[in-house]
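The values are calculated or read from the model by the stated rules, or taken from the named source; none is laboratory data. From a predicted model like this one, the values you see are computed outputs, not experimental measurements. Positions of Cβ are generated from backbone atoms using ideal geometry, with glycine treated the same way; all protein chains shown enter the neighbour counts. All accessible areas refer to the heavy atoms of the entire protein, side chains included, with ligands and DNA or RNA removed. Shrake-Rupley method; radii C 1.70, N 1.55, O 1.52, S 1.80 Å.
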Amino acid sequence: MSLVLRLFRELRFLLRQRAVAGLLVLAMLLSALSVTTGLAEIAHQRMTLERMILADKADRDGALAKAEDWGSAAYSSFHLTYLPPSDLAFAAMGQRDASPWKHRIHMLALEGQIHAADTANPELALAGRIDFAFIVSVLAPLLVILLLHDLRAGERAAGRHDLLIATAGQSGRLWPIRASALIATLAVCLLLPFWVGAALAGTQLAKVLAVSLLVCIHLLFWAAVSYWAGARAAAGSVILTGLIGFWLLLTAILPAITRVSIERAISIPAGGDIVLTQREAVNDAWDLPKNVTMEAFGARHPEWENYTQVSRPFEWKWYYAFQQVGDQTAEALSTTYREGIRERDQAAALAAFSSPPALVDRALQGLAGTDTRAALAYDASVRDFHTRLRTWYYPKLFRDEPFEPAALSALPVYQPRDERD
Amino acid sequence: MREFALSADRLSVKRGGLLALRDVSFDVRAGEVFALLGGNGAGKSTTLLSFLGLLKPEAGEARVLGRPAHEDVTASRRQIAYLPEAATLYPHLSAEENIAYFLSLAGLRRDKTAISAALERVALQPAARTQRMERYSKGMRQKVAIALALLREAPILLLDEPTSGLDPIAIDDFNALIEDLARSGSTVLMVTHDVYGACQVASRIGLLRAGELVGVFDAPVGGRIDTDAVHAAFAGRTAA
């Protein structure tokens with residue numbers, strides 16, 4: 001009998017066991033639920049973005065129409081920046097739940113605008129989301145353990161073990177085939193909803209294949225561990241307890257210890273401190289002699305050094321200069337913050353090699369463009385855009401160019417980067 | 001050597017760190033019904049598992065058709081149909097489905113007619129054959145396991161307490177079946193603690209006590225082994 005026929009024989013046989021069929025149905029339901037909610041969330045985010053892009057343009061056009069000078073134009077016109085979800089984001093929401101993926105910014109100090117942004121669902125950042133990545137990285141190992149832990153112990157307890165071996169000729173003709181049939185079916189149950197979701201989301205084939213491969217490798221790892229443990233001549237309950245303990249160690253305890261260790265080793269300032277530092281600098285500037293602000297500004301931007309004379313009580317160039325100085329004051333903290341996030345992420349990437357579930361979760365987020373790298377890249381794109389705004393407005397403000405509303409049509413427009421740029 | 005279907009040659013086997021069989025030697029000729037008799041923990045099942053290659057000898061050998069069982073376990077097991085004690089087949093399958101599954105596991109295919117004939121031979125009621133085995137009595141389960149062993153068409157049958165849990169009529173039917181199989185050339189090694197049943201069907205009886213073979217009883221030509229003599233030896237009242 002060929003291997004494929006033996007696999008199908010075992011599959012037909014195993015699917016008639018209620019517990020096995022129940023677990024496989026549960027796997028498919030969980031996967032389908034995660035894919036469905038993921039697709040719904042991404043559809044909601046896309047709709048939000050589409051609505052915001054239109055509203056943003058209308059709002060900006062309205063504000064610019066009322067502008068009387070360059071300064072008020074810059075002050076009153078907001079620009080939407082955003083990180084659109086990738087075609088795989090429905091499967092791994094990753095940092096999209098924890099980090100903001102849209103901002104409306106204007107020419108004022110940037111740090112406050114970046115760090116004051118709320119995530120859409122901050123409670124999810126704490127609790128985590130039941131997305132496909134969670135199902136695959138955390139729950140799928142549990143399903144493997146439940147399916148394989150008593151592969152042999154169950155037969156031993158039922159008094160069939162020796163008969164099965166004696167009938168099959170050798171254990172290699174039975175247990176590996178049963179285990180393979182179970183794991184292959186589990187993989188299909190988990191991946192089928194994902195494949196449907198990927199087709200609906202128009203996910204690139206290469207990404208679909210990569211995710212499928214990742215899921216299979218992860219299942220194989222847990223299958224190997226469960227198969228090895230299941231070969232011990234112990235009661236099924238003892239084997240199950242040991243495997244659940246191992247699962248808990250790799251999915252919860254080790255990642256938690258790693259996270260705490262990394263956070264203690266690499267300290268980063270709080271976003272609130274950055275906002276506070278910047279805002280205090282901006283607020284204080286109102287009370288400072290204007291030349292103090294303009295000198296600090298000129299020191300960083302020598303190209304405008306000759307245009308820093310302020311003669312009137314209020315001038316837009318002074319106003320925007322102290323906004324920039326506010327950013328400069330918080331710059332060290334902000335850089336430390338971003339470098340810290342990057343270092344923590346790098347350390348977590350290394351530490352993930354001690355926990356296959358964490359490694360799989362990271363890999364899925366990486367493929368989906370929802371990881372920390374993508375969040376930092378988006379942060380950088382917002383900063384780049386803000387710099388472009390300043391670069392566009394500063395000549396007009398510092399050279400005191402006459403206001404030309406028509407020129408506003410040449411304002412920089414935010415273009416989202418491809419998530420992996 | 002080839003004339004013996006099964007041979008234990010100074011066989012010693014450990015189970016759970018203890019010596020369960022100690023220097024046991026006996027041979028079972030082709031077409032013979034050999035019963036191994038002994039109390040609990042005497043080493044009866046250990047002997048069977050050694051012939052199946054499921055236990056590795058500490059010393060000596062368990063040979064199947066002249067070859068050490070653990071040397072090529074697949075080849076050895078192909079020659080053997082094994083009936084475990086309290087044969088628990090899959091309760092969620094019917095008798096026919098269980099048999100079809102186990103035969104397929106052995107790489108064998110038997111049509112429905114052959115399966116029905118085997119179940120007929122062990123006197124399992126037709127109405128029960130398609131029912132899930134979870135509703136079967138112990139005797140009915142045993143009958144299905146025996147039918148499976150018959151369908152294997154293996155030259156050697158290893159039976160572990162085959163009549164345990166059977167009613168007297170079923171035991172008589174079973175004994176008749178074993179005699180029939182022996183007449184058709186099958187070799188039967190059965191282990192039991194049923195002295196009477198062993199004397200009914202076996203041409204020879206080996207008496208195991210605490211892992212040692214303490215005696216072998218032969219049936220006289222055309223007769224049966226004397227139950228009283230075996231019983232006395234089993235109970236330790238006489239030397240075996």
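Let me know the Rg and Dmax you get for chain B when you use only its Cα atoms, in Å.
Rg then Dmax for chain B, in Å: 17.4, 51.
Per residue of A:166-178, count partner chain C-beta atoms within 10 Å of its C-beta, then hand back the mean as an integer.
Numbers: counts 18, 15, 7, 11, 5, 2, 1, 4, 1, 0, 0, 1, 0.
Across A:166-178, the average partner-chain Cβ count within 10 Å equals 5.
What is the distance in Å between the Cα centres of region A:347-421 and region A:241-308?
Region A:347-421 and region A:241-308 have Cα centres spaced 17 Å from each other.
Can you list residues whose amide H is under 5 Å from residue B:82's amide H, if they're 5+ apart or on another chain and H is modeled 1.01 Å from N?
B:158
Hey, in the GNM for chain A with a 10 angstrom Cα cutoff, which one of A:338, A:362, A:300 fluctuates hardest?
A:300
Which percent of Cα-Cα pairs in region A:125-176 sits in each 5 Å bin, short to long?
Whole-percent P(r) values from 0 Å outward: 5, 18, 17, 16, 10, 9, 8, 8, 6, 3, 1.
Suppose every Lys and Arg Cβ carries +1 and every Asp and Glu Cβ carries -1, with no other charges. What dipole size does chain A come out with about its Cα centre, to the nearest 20 debye? Show your work: numbers first, answer last.
Working: 40 positive and 41 negative charges, 484 e Å.
It works out to roughly 2320 debye.
In what order, largest first, do A:378, A:337, A:75 sit by accessible area if the probe radius is 1.4 Å? Walk me through the numbers before you get to the answer.
On the way: A:378 10, A:337 60, A:75 105 Å².
Largest accessible area first, the residues go A:75, A:337, A:378.
Interface A/B, total buried accessible area with a 1.4 Å probe, nearest 100 Å²?
On the way: alone 20730 and 11370 Å², together 29930 Å².
In total, chains A and B hide about 2200 Å² from solvent.
Which of the peptides A:272-282, A:19-29, A:103-113 is most tightly packed, and how do the rest follow, going by the mean number of other Cβ atoms within 10 Å of each residue? Let's see the in-between values first.
On the way: A:272-282: 19.3, A:19-29: 16.1, A:103-113: 21.4.
Result, highest mean first: A:103-113, A:272-282, A:19-29.
Can you tell me which of B:69-77, B:129-137 comes out highest on packing, and rank the rest after it, using the mean Cβ neighbours within 10 Å? Before the final figure, lay out each step's value.
Working: B:69-77: 18.6, B:129-137: 14.6.
With the highest mean Cβ count within 10 Å placed first, the list reads B:69-77, B:129-137.
Rolling a 1.4 Å sphere over the protein heavy atoms, what is the accessible area per residue of region B:9-160, to the nearest Å²? All intermediate terms of the calculation are to be shown ahead of the outcome.
On the way: 6120 Å² over 152 residues.
On a per-residue basis, region B:9-160 sits at 40 Å².
Relative contact order of chain A, please, whole-number percent, based on alpha carbon pairs below 8 angstrom and at least 6 residues apart.
On the way: 498 pairs, mean separation 108.5, N = 421.
Relative contact order here is 26 percent.
If the cut-off is a Cα-Cα distance under 14 Å, which aspartates and glutamates reach residue A:396, setting aside same-chain residues fewer than 8 apart in sequence?
Straight-distance partners of residue A:396: A:68, A:69, A:303, A:315, A:404.
Could you work out the mean count of beta carbons from other protein chains within 10 Å of each residue's beta carbon in A:362-373?
Numbers: counts 0, 0, 0, 0, 0, 0, 0, 0, 0, 0, 0, 0.
Mean partner-chain Cβ count within 10 Å for A:362-373: 0.
In chain A, which helices (entire DSSP H runs) extend 27 Å or more along their own long axis, judged by Cα positions, while averaging at least 1.6 on the Kyte-Doolittle scale?
Working: long enough: A:18-66 (70 Å, 0.58); A:175-201 (38 Å, 1.73); A:205-230 (36 Å, 1.78); A:331-351 (29 Å, -0.66); A:372-398 (38 Å, -0.48).
Correct list, ordered by number: A:175-201, A:205-230.
Can you return the lysines within cross-link range of residue B:14? Criterion is Cα-Cα under 26 Å, with same-chain partners fewer than 8 residues away left out.
Cross-link targets: B:44, B:56.
For region A:255-397, just run the numbers: alpha carbon Rg, then divide by 2.2 N^0.38 Å, N being how many residues it has.
Values: Rg = 20.1 Å, N = 143, 2.2 N^0.38 = 14.5 Å.
Against the compact-globule rule of thumb, the ratio is 1.38.
For chain A, give the percent of accessible area contributed by carbon and sulfur heavy atoms, probe 1.4 Å, rounded to a whole number. Could the numbers behind the result be given before it?
Numbers: 12230 of 19650 Å².
Answer for chain A is 62 percent, counting heavy atoms of protein chains only.
What's the FRET efficiency of residue A:66 with residue A:342 using the Cβ-Cβ distance as r and R₀ = 41 Å, to the nearest 0.05? Don't jump to the answer; show the numbers that get you there.
Working: r = 41 Å, r/R0 = 1.01.
FRET efficiency, residue A:66 to residue A:342: 0.50.
Rounded to a whole number of µm²/s, how large is the Stokes-Einstein D of region B:88-153 at 4 °C and 1.567 mPa s, given Rh as the Kirkwood radius over C-alpha pairs? Let's see the in-between values first.
Details: Rh = 11.3 Å.
D = 114 µm²/s.
Measuring from centroid to centroid over Cα atoms, what is the spacing of region B:45-86 and region A:57-94 in Å?
Taking the Cα centre of each part, region B:45-86 and region A:57-94 sit 79 Å apart.
Can you list residues from other chains, or at least 5 along the same chain, whose modelled amide H is less than 5 Å from the amide H of residue B:208?
Under 5 Å from the amide H of residue B:208 lie the amide H atoms of B:37, B:38, B:214, each far enough along the sequence or on another chain.
Could you please state, rounded to a whole Å, how far the C-alpha centre of region B:3-22 is from the C-alpha centre of region B:120-190?
Taking the Cα centre of each part, region B:3-22 and region B:120-190 sit 26 Å apart.
Between residue A:384 and residue A:253, what is the FRET efficiency for a Förster distance of 41 Å, r being their Cβ-Cβ separation, to the nearest 0.05?
Values: r = 40 Å, r/R0 = 0.99.
Computed FRET efficiency for residue A:384 and residue A:253 comes out at 0.50.
In Å, the Kirkwood hydrodynamic radius of chain A over pairs of distinct alpha carbons?
On the way: mean 1/r = 0.0398 Å⁻¹.
Answer for chain A: a Kirkwood hydrodynamic radius of 25.1 Å.
With a bin width of 5 angstrom, please list the P(r) values of region A:328-421 as percents of all Cα-Cα pairs, from the 0 bin to the one holding the largest distance.
Bin by bin from 0 Å, the calculated values are 3, 11, 14, 17, 14, 12, 10, 7, 5, 4, 3, 1, 0.
Quick one: among B:18, B:207, B:119, which has the greatest mean-square fluctuation in a GNM of chain B with alpha-carbon springs under 10 angstrom?
In this elastic network of chain B, the residue with the biggest mean-square fluctuation among B:18, B:207, B:119 is B:18.
So how long is each side of region A:4-163 along the principal axes, counting just the alpha-carbon atoms, biggest first, in Å?
92, 27, 22
With every protein chain kept in place and ligands, DNA and RNA left out, what is the accessible area per residue of chain A? Probe 1.4 Å, answer in Å².
Accessible surface, normalised per residue, equals 47 Å².
For the pair residue A:44/residue A:417, report the inter-label distance in nm, with labels modelled 7 Å from Cα in the Cβ direction.
2.8
Cut-off under 24 Å on the C-alpha distance; same-chain residues fewer than 8 positions from residue A:102 excluded. Which lysines are left, in chain and number order?
Residue A:102 reaches A:57.
If you count, for every residue in A:395-406, the Cβ atoms of partner chains within 10 Å of its Cβ, what is the mean? If you can, show how the numbers build up before the last one.
Values: counts 0, 0, 0, 0, 0, 0, 0, 0, 0, 0, 0, 0.
Counting Cβ atoms of other protein chains within 10 Å of each residue's Cβ and averaging gives 0.
Cα atoms only: what Rg and Dmax, in Å, come out for region B:40-111?
Spelled out, the Cα radius of gyration and Dmax of region B:40-111 are 14.5, 43 Å.
Charges at C-beta only: +1 for Lys and Arg, -1 for Asp and Glu. How large is the resulting dipole of region B:88-153 about its Cα centre, in Debye rounded to 20? Mind showing how you got there, number by number?
Numbers: 11 positive and 6 negative charges, 27 e Å.
Here region B:88-153 has a charge dipole of around 120 debye.
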